[in-house]
1. Using a probe of 1.4 angstrom, how much of the accessible area of segment 247-368 is carbon and sulfur, in percent?
2. Of the peptides 175-181, 302-308, how do they stack up when ordered by the mean number of other Cβ atoms within 10 Å, highest first?
3. Using a 1.4 angstrom probe and counting only protein chains, how large is the accessible area of His351 in Å², to 10?
4. On the accessible surface of segment 7-245, probed at 1.4 Å, how many percent belong to carbon and sulfur atoms?
5. What net charge is computed for the residues neighbouring Val364, neighbours being all others with C-beta under 12 Å from the C-beta of Val364, Lys and Arg scored +1, Asp and Glu -1?
6. Please grab the % of Cα pairs in segment 7-245 that end up more than 33 Å from each other.
7. Rolling a 1.4 angstrom probe over the protein heavy atoms, how many square angstrom per residue are accessible across segment 247-368?
8. Could you state how much accessible area Asp298 has, in square angstrom rounded to the nearest 10, with a 1.4 Å probe and all protein chains kept in place?
Amino acid sequence: MVPHLGEEEAQAAAEAVRSGWVAQGPRVARFEQEFASLVGADHGVAVSSCTAALHLALVLLDVRPGDEVIVPSFSFIATANAVRYVGATPVFADVDLATGNVTVQTVDAVRTPRTRAVIAVHQGGVPFDVAALRDAAARWGVPLVEDAACAAGSTAYGRPVGAGATVAAWSFHPRKLLTTGEGGMLTVDDPQWAARLRRLREHGMNVSAADRHRSAQPVLESYLETAFNYRMTDIQAAVGLVQLGRLTDLVAQRRALAARYHELLADVDGLVPVRDPAHGETNYQAFWVRIDREYGTDRDEVLAELAAAGVSARRGIMAAHLEPAYADMTPPPLPVTERLTRDSLILPLHHALTESDQDHVVGVLRKLAA
């Protein structure tokens, strides 16, 4: 992945610096409004990272020690870590082989009376079945948090991912299509939830620093609860506002490059690239390929050969339950998760990738297959 950053972002950041307002301020507020509108939500709350967003979502939902939160192990470790931040226990659900996403069935298989929430991930930008999971969560009486870290620009059932979500968490890390360097966002429709999330990101203060400074009269703020310092800066938001204008074109470009990968790899037995699910379209934040036995070369050897040929690929999405940080847990059987994390890799896909680059990548893969 190569972030698409240019002179326009540099100028926007410089203007924020020259304005004298570099902490959370008017650019953050505008970025929140424009991003929420883009994803079909009523309110956006900018924070310092998607991990912070997931943490605040669980605080908002009053998840506590003794509670269980169902998450996929097949995700960046932050998804599970956020559950531990509130003292709850992550319970790992398996995923669908084609999409890498949890399903109603895999979540229901590990649901217990202690289940307090579910975090479902739009993995690598591939939308999970929002209609099915939202309906199931409503039946179970369990709130659904959507980890949309990778999914800006993806769609589900013809709507932007995030539209209609109870609460969704987003990432603006440089590996994402839309980046602010670091940063994240929560989107919700409930105005009271949005107001509390804004307090939670700013030490529980009942009046934001921006509102205090705008007031013509002295403001004596109060701190309503123990909270956090999870703010985004106006410099980051200035970059994000420029990035918002690039998103539609970036998604279109990545989908065109992904279609070309599909065409070039169509006749290679044992290579199974990620595709759009029936219910939506991915932004192809990550183009991963599953290597089945028919291919004849294992994943680690493929990575080594690609690296030797000057191709920067990487292993597929991690499985949190296999990491030392979670060695104290005894997860349920997760055969699909373990297969995907063992047998998949991520190919280069970004705005600077040329057709010649793709031909080179595919040439290495075809040679190994032969």
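The values are calculated or read from the model by the stated rules, or taken from the named source; none is laboratory data. What you are looking at is a predicted structure, and each value in this text was computed from that prediction instead of being measured. Every residue, glycine as well, gets a Cβ built from its backbone with ideal geometry; the counts of neighbours run over all protein chains shown. Just the protein is used for accessible areas: all its heavy atoms, side chains included, with ligands, DNA and RNA removed. Shrake-Rupley method; radii C 1.70, N 1.55, O 1.52, S 1.80 Å.
1. C and S fraction of accessible area: 49 percent.
2. Details: 175-181: 23.0, 302-308: 15.7.
Ranked from most to least packed, the peptides come out as 175-181, 302-308.
3. 50 Å²
4. 52 percent
5. Working: positive: Arg366, Lys367; negative: Glu301, Glu305, Asp357, Asp359.
Here the count lands on -2.
6. Numbers: 4805 of 28441 pairs.
Here the tail beyond 33 Å accounts for 17 percent of pairs.
7. On a per-residue basis, segment 247-368 sits at 48 Å².
8. For Asp298, solvent-accessible area is about 90 Å².
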